[in-house]
Structure formats: C-alpha cells, structure tokens
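Single-structure report; data block below.
Just so it is clear, none of the values below were taken in a lab; they were calculated from the coordinates. For clarity, every value in this text was computed on a predicted model and none was experimentally measured. Virtual Cβ from ideal backbone geometry, glycine too; neighbours counted across all protein chains shown.
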Amino acid sequence: MSKPALLSLQQALRKSFHSLENSQNVWSSVLAECSPLMDSLGNLAEQSRALSNVQLSNTPLRDFPDLQERLRFKLLQATDTVLSKITEKMSSLQSVRDSTSNQVSAVLQVYEQNTDSLDLLTVTERSAITPSLCDMLQWLQDAECHYRQQFLRRKTLLQTLRADDLSSLESAPKRWKSLESPSAEDCITVWVNVNYEIHFAKCPSLLNPSEENGSELKPEQPVNRFFDVYLRWTFPVDFRKKNCSWVESVCMYQTLIIQDKEEFKTLRIMHSSTKKAQLEPCHT
Amino acid sequence: MSLRLLSVDACDRGSQRCRLGPGLMSALGLSLGSPVLVSLPGGRSCLCTAWPRSDLAEGFLQVDLKCSSANLISHPPTHLNLDPAQLTPTPCPKLKGVKISVVVQSADFKKHTAPRLIHELVKDMLRGVYVHRKHVINLEDFDTEIRYVVIEDINLESGHVGLITSKTAVEITGIQTVRHHRSQLQDQDTIPLGGLEEVAASLKEMLQLPLLYPDTLSTLGVSCPRGVLLVGPPGVGKTLLVRKVVGEVGASLVVVRGPEVVGSRPGESEEKLRAVFERARSAAEEGPCVLFLDELDSLCPRRSGSSAPENRLVAQLLTLMDGMNQSDRFLIAGATNRPDSLDPALRRPGRFDREVIIGAPTSQQRKDILSVLCASMPVCPSVDLTELAQRTTGYVGADLSALCREAAMHAIRENSKGAEEQAVVMKHFQEALKLVRPSCLRSRLGRTELSPVSWEQIGGLDEVKLKIQQSVEWPMKHPEAFVRLGLCRPRGVLLYGPPGCAKTTLVRAAATSSHCAFLSVSGADLYSPYVGDSEKALAQLFHQARACAPCILFLDEIDTLIGSRSSGQSANSVQTRLLSVLLNEMDGVGLKTLERRGTEKILQAEGAEENHTQGQLDCQEVCNKDVMVIAATNRPDCLDSALLRPGRLDHIIYVPPPDRQARLCILKLCTESMPVDADVCLEELATKTELYSGADLENLCKEAALLALQEENMKASTIKHTYFLRSLSKMSPSLTAKQIQTYQKRPR
C-alpha cells in the first residue's frame, strides 16, 4: 500500500464530490426552471384541444376569416417556442450529466491506475465516521447513473411528444413531474454533505495543529470524537457497531439529517471555526 | 467454500454490479469494478462488475442481471449455491463496434418512433456497460419503452466480451417487441413430443409456406390455409403439438382459453375475442404467429335456437375468421376432443380449412412416445420399449407419461430403501402398468377389474382351452404367422354349454393370458328406461373398446341381453334394437372418422418420405385393430342366426360338461387346498359324479369339508372319504342327460 496512491485517490474523490455538489445545485435549479415551461406546454395542449372541440362557425367569431387555422398556427408556434426553450434547458442538463460522467470516469481512472498499490483491505477500510474509498467510489457511480437515467427519461419523454397526439402533450407536465425522484436526490445531497464532513475530519491540520504533517485518518482524533458525540447526541442509537455499513447508517439517519440540515451546517461551521474539539451540542 | 446466491439489493438494480466478499475478490485478483463472468448451471451466464458487499461478509453473492444470457432473464436463479470457481475474471477491451437488436415494449412505440431516436437513446443507455456476445442487456431500470437489447455480435477478433464506451459504434439490426422476443426465447427449451412427426410437419408447412414462398403463392392465386382444427381424444398431445410446432418455427403463440374470453356482461366476451385477434394480428406483423383456441368446443358450441350468449360469441368468431385478410399472416389452430359439438359453420373451408384427426397412438407411435419420454430418464438398457408399447394398447401420450412417472417413482421408492444405482428397470414399468390404466377406459361403461386366472386353474377341457387360445391368444402373440398365412383374427367367439361348466372362468383366463383390455357388460349397464339409451350405450361400449383395441368385450348371458328376431317378440323391443346395434358394430360398413387410430397420411409439398420399415409392429396393428367379442350362453338356440354367421361370431365353441377324466382334474384342483385324508379316492368320486358340472363338484368338496367340521366338532384336521360319499349321497347333479342332448346339435 502506498501513500501517494491513496492520497491521489482521496484528492480525486474530494474534487469530484465538490463538483458533484455544484452539479447537483445546477441540476435542481435547471429542473426548477423547466417545470413552468412544462406547465405552459400542457396549457398549450389544452388550448389546442379546446380549439379542435369548438365549432367556430356556430359562434359570433365566424366572421373572422380562417380563424381556426390561424389560431392553430399560433398555438403550434407557441408550442414550438416552449419546446425549444425546454431543449435549451435539456442541453444544460446534458452538460451536467456529461461533466459528472467525466468526473466519475476520471476518478475511476485514478483508481484503476493505482489498483496495484491499493489492496482491497485499504479500499474497504472504514470507520464509524469515514466511509471507505469503495463506498465513495460507489456513490459517485450511483450519482452518475442517476443523472444519466434522469436525463434519458426526460429526453425520451420530450422526444416522443407529437403535435398530433394531444393527450400525450396534455399529460406531459404530469409525467415530467413523476420522473422526479426526490429520494435519489436526497441521497446525493447526503453523500455530498457527508463527504464534506469527512474531508474536514481527514484534515487534521484544521483541528489538531500538532499533527499537521500526517494526512491519514486517525480514529482517535478529537474531531472524530466530536462528530461521534454529535451523532450520538442526535441519534440515541449506537450506530458504531463494528462493520456497520456506512451507507446503512447514513440511510438510517438520512431523513433526520435532511431535516436537521440547518443544524448540520452549524456543525460544519463549528468545525471550521473552532480549532479545538467541543463537546457542547451544537444547538446551543 | 460455496457462495450462496442472494437476490440483488434494490440500490444495485441496473448497476451491473455483483456483490461478493472482499476476501474472495482478492483471491480472484479482482479490483473494484472489474468485470467478472458468473456461470450458472444450465449453460447460463451473466457478466457483471465486482464490488465488495457493503457489510464485507464472505460467502454470499448478489448478481445484478443487467447483462446475462437470454434464458436467465425469464428464469432468474434462486436458491443456488455456487462454487467460487464459477466466477471468472474477464478482461474487457473497449469495443469499436457492436451489432444489437432492440426489444421495445409496445408495437406502437416501434411504429411511431424514428429509428434515429432509438439509436441515440440506446447508445446513451449502453454506455459503460460490459457486454457479452449473444447476451441480453436489461434496460428495464431506465423505465422507458426500450426494454432489452440483444447483443448480436461484437466487433472483436477474439473473445466474447467488451466494454461499450461513448466511442463504440452501435448498429441496430432489428427492432422487435417484448412479446415477440419472449416467444423467440421459448423455442429454446424444446418440448418432447413423439409419434406425431407427420402432423407436426404438415402444421409446420402451413406456417412456413406463406413466409418462405410468398411470391409463388400469389402467382398461383391461391390463399394458404389459415385454419387447422385438431381433433382427437383427450391426452393425445394436441396442445403440446401446437406448442412444439410454434417453438420449432419460431412463431409467436397467442393462446385463447375459454374462461378467459367469456365475460359476464353482455358484449364483453365478443370484445375480448376481438382484442385477441387484434393481438395476433400485431404479433403477425413481426413474424409467423399462431392463434391457438384450446378446447374450442367450450368456446363455440353448436348454436341453439334460443338467443343464448354463446350464439353471439360463435357469430363473432365466425366473422373474425372471415374478416382475416390475406395480409394477416397468422394461422388459427383449434383443438377439441368433441368435434361433433362444434358449430358446423366453423368447419367449412375458409374457416378451419383443415381438420387433422389425431387418434389414439398406434404401437409404433407409442414406442416413439416412450422413447422420447425415457430419453430423460435413467432407464436400464434392458427395458424393451417395443414390448412396453405392445402392452400399453389404448394408452395415449398423457397416460404414457404418467406411466413413466409412476415407474420412476417406483424406482425412487426402491432406491430409498437400499441404496442402489438409480435406474428404472422393466419391473418398475410392470408395477406402474398395474396402477396406470388407459384414460379412455376410465369411468366408462363395462370397465372390469378381474382377478387373474391361469389356464392351469381350470381342470380338464383341454380341447376347449386350445380352441380359445387359438382364437384369442395366438393372433396377439404370433401376429407375423397370421400375416404370413393371410389369416385375420376372428371377430367373435361364442361359448355355449350347460351352466356351471366354466364358460366365464375360461374367458377370464383368456383375458389374463392375452394382456389386453377387458370389458364386460351386463344388462344392468345397458338397459335404461329411456328409449334409445340402451342402443347408445352399446354403441359407445364398442367405440370405447375400439379406442383401446385390442380389446376383449365379454357379453355374458348373451341370450338374455340380446334378443332374437325370430322368437316372436315384438319387432321393436329393446332387445331387437340392441341386436341391430350389435350386428352393425361387429360387421358394419366402416368406422367413424373420429375413431381412427394414429394419424392419416398427409400429403405434403416437402415430400416427406414414407417409412416402410415398421415391420413387426405393423403386423401387430393389422391383426389387432379390432375388438374381439366373446359371448357366453347356455341357450344357443335363442340367438339370432345373423349373429352366428362367420364374420360375426366366427368360432362357436361347445363347452361340454366334464367327462370322467375332467371331473378327476377338477376334483384334484378343488381339493388342492384341502387337507384330504389319505383314504380319499378321487377316481372313485369322479366315476360316481356322472352329470355333475364343475360348479357341482366344487360344491361337493365344500359340503364334505363342512360335514367334517360338523361331525368332528370343529376339530377336524382332515377330510375323510366317508364325508365325500355322504355329501354326495345328499346331492343330485344339476345337469340332466336330456339337457345335454339338446346341446349336442350345433346351433348353426
């Protein structure tokens, strides 16, 4: 086992989790921008339906020449505009997906290059507060897979819309919404946050100036104890069972963490601001 | 150490990961995410990437079936223990190009989606997937209309595996629907079917001709037949035949089961039927398709006068069958065992063009069936299938498979007692033969269980025995000799003689020794208060006897059962009507088509060569296709003369009252189980019992034994001669000389 290999992999992981956080922010903001567009698409479809249902010759509007065709043309044009806007958004989603893919494959490449020096024991080693390298690689892969899936589903949805199939246009906003998978997004948020914390934990210089040169994880570090206490205080269960899967524990407390996100941030701030471990609960 | 196969975690679904313990991973030299080929029993395999389990436990394996061989998706493995040697690390080079075919959910999607878009989507989906030649990639987790991708070929000189990257060229060779894909997979597990090759070939021809030579057919201006009706008794393999042919041709099968179609609301059934035809039509667009209507008689009974809901269903089926265009290239196959209850309008050309009658199998066919069934069983080579085929007359395919199963069960039971080699031998088949009877005989008229009687158990009457053996046993045991001399077996035998002279016992012995089906009827079976019912029952009895021919049909006391036209009874009594049925059945013009054995020869464009080398089994068929009627009476003068002519009851055998020698034999047999005293002189008894019948003699022995018990107060250990004499003095013979005199002149 060589330290440089481990270091470079950790570095790559850290970098990619950083960019994953950015990606996630971009992704959700783009999606948020998309939903009004989809709503207006559905609205336009509804209008088209209404137009095809009405007999203009029976209304006072019959004096206008070619009104129906004109209206239909206008609606089609509007639909086109909306669709082109959505396509723009899609391209930014695609760029998010591509950048994540690139990041992940870069990390995997780093790992593959160093496979010989990183034995399985090292990559699967984990403690109560640190997920193993393997777990982190896996999360990255899962996140990438999630983006790919989401993008493909949305793309398929948009590409299979046809102007003559009004019902599919009408149902498009609903289907678009149903594609959201909040649980997966939450997972990504948790992973990003957890990793953020971990990397603080792994950076002893921040917390313990006496060990500045050592960059390896030492379980007895005060910050770990702090973290541990924090978790114990927040969740009365002892989850530091031996070999207890990090992912499992994260999933177990995922909801709580999400709810206590504010608190979590406080914790982070405390980490960075205090150089000494504090045992006080962070809400005080 | 073995690995237990667990089902995959939800979060790993679609990730192509296989989870194993880190120890095993390092033992196999795998790093995170390196491709590994998991081989499962049955030639199935699955390509995935290795990842350690999250709890790092050893001894378990979870495999995501993203890329697996085709039959693995339909039958996911469960409860398996694998050997670590079944995991092979497989280096996967990046692929330059790959040829695939895409499986989509619905035909609609296929129709409306541009190939370019499908190509784009599939390429995106496949990126980063490790693929194996001929494997199926499961894309269900993407939740789009594209369900699977079949890797037809990969662009690689050596090796079968590779990684698809964004630079890999993806070429789509075809797009099919899931339904079609599944039906294609089905033919991979072959269905065993023996003895129906001819019918199978003709069905196959009907399916393939329009596909292979569409131009020829259109220039000839003929339309290919589109409907086949398979008719045959239950259990001959009609359903299996259709499935087999469909599997061999690679056609898709749309099955209609009666109850599924029939709905409770008016109009519902018709709607469902239309939907079924629509389904078949869309399936036919992708390749040959068969619409199979099983148990057609329940779906389309004969239309009755009242406005029954079935009438509308039948009408709907008729119009749907008429409405099929030439372009709808699917074949409708119907199967029924009661063709007479079908609506006649269904059975005209244009609807069901062809009717294929599959009869009960001949012995050659039975041999074929048995060899197919035994192919998968550890059968001892000493088992003679030809003999078994001869012993199983009247058995249909289903019976034979039950027979083989029962024999195998016997073998298992025996092996569980003492550990021996696992093999099914003839003994097990013989045991099974006792348990499994032909299904055509089940719950039918006249089925008789008889206790076996051997010829030796009948004293005397050697001449009569020989005659019966000649007419019953010989044709079955030495058919080649009969064929050589141009003989055919007699249609019927009449045994007549005074009562109590072992006529019935003789028949039982004949049935025992000839090993064929034995039916016996009495007046109770035949007579019924309804007009015409008795005749129908008799005709059905013959029908059923022919179905399981060779068969002995025993009519005891035929004089009372069947009347005579001359004896002054009214011409229309039940007896005379029964007589006419009997005369017709025994020597009528011909048989109903439904009762045909085996299958008719079917002319084929392919020119199937005829099989001339059936040899001995053919002889067997020639001689034994008929039912042998054995009748017994003690009033031969009461029988109708038409019944007694050659061609009906050919052999008329007089069973005489026993003479002295025969009486001695009978007495010896009767006293065999009795402790007779040494002073008993059976010869003397035989001399003194002139005009005693066999039954009388048996009674005499019983009386003597009872007398012994009476006299010696239950302590008798032997029967003394005096007891015989005393009981003889109390008895009188049941026959009279005058009675015997009347039998002396032949009835014909």
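Per residue of B:10-18, how many C-beta atoms from partner chains lie within 10 Å of its own C-beta, taken as a mean?
2
Could you give the angle, 0 to 90 degrees to the nearest 10, between helix B:533-547's Cα long axis and the longest principal axis of the Cα atoms of chain B?
Computed tilt is about 60 degrees.
Averaged over peptide B:45-58, how many Cβ atoms belonging to another chain are found within 10 Å of each residue's Cβ?
Rounded to a whole number, the mean comes out at 3.
Show me B:683-694, B:487-498 ranked by packing, highest mean number of other Cβ atoms within 10 Å first.
Most protected by this proxy first, the peptides run B:487-498, B:683-694.
Could you order peptides A:92-103, B:262-273 by the average number of other Cβ atoms within 10 Å of their residues, highest first?
A:92-103, B:262-273
Could you list B:C92, B:C289 in order of exposure, starting from the residue whose Cβ has the fewest other Cβ atoms within 10 Å?
B:C92, B:C289
Compute the helix-to-body angle for B:197-212: its Cα long axis versus the longest principal axis of chain B, expressed 0 to 90° and rounded to tens.
30
Suppose a student asked you for the relative contact order of chain B, using Cα pairs under 8 Å spaced at least 6 residues apart; what percent would you report?
Once divided by the residue count of chain B, the mean separation gives 10 percent.
Provide B:L643, A:L56 in ascending order of the number of other Cβ atoms located within 10 Å of each residue's Cβ, fewest first.
Starting with the residue having the fewest Cβ neighbours, the order is A:L56, B:L643.
Grab the DSSP H runs of chain B that are 4 residues or longer, score each as -39,500 (n - 2.57), total them, divide by all residues and round the 222 nm result to the nearest 500 deg cm²/dmol. Walk me through the numbers before you get to the answer.
Values: 31 runs with 295 residues, N = 748.
The per-residue figure over chain B is -11500 deg cm²/dmol.
Just to confirm the number: angle between the C-alpha axis of helix B:574-587 and the first principal axis of chain B, 0 to 90 degrees, nearest 10?
60
What pairs from A:K155/A:K177; A:K74/B:K111; A:K89/B:K66; B:K94/B:K123 go past 21 Å between their alpha carbons?
Exceeds cut-off: A:K74/B:K111; A:K89/B:K66.
Per residue of A:148-155, what is the mean number of Cβ atoms on other protein chains within 10 angstrom of that residue's Cβ?
Values: counts 5, 6, 1, 1, 9, 3, 0, 5.
For this peptide, the per-residue mean of nearby foreign Cβ atoms is 4.
Provide the three semi-axes, in whole Å and in decreasing order, of the ellipsoid equivalent to chain B as defined by the square roots of 5 times the Cα gyration tensor eigenvalues.
Equivalent ellipsoid of chain B: 69, 36, 21 Å, largest first.
Quick check on the exposure proxy: order A:M38, B:M674 from fewest to most C-beta atoms within 10 angstrom.
B:M674, A:M38
Using each residue's phi in region B:686-702, evaluate 6.51 cos²θ - 1.76 cosθ + 1.60 at θ = phi - 60° and report the 3J(HN,Hα) Karplus result to the nearest Hz, with x for Gly and Pro.
After applying 6.51 cos²θ - 1.76 cosθ + 1.60, I find 4, 5, 7, 9, 4, 6, 8, 8, x, 4, 4, 5, 5, 5, 4, 4, 4 Hz.
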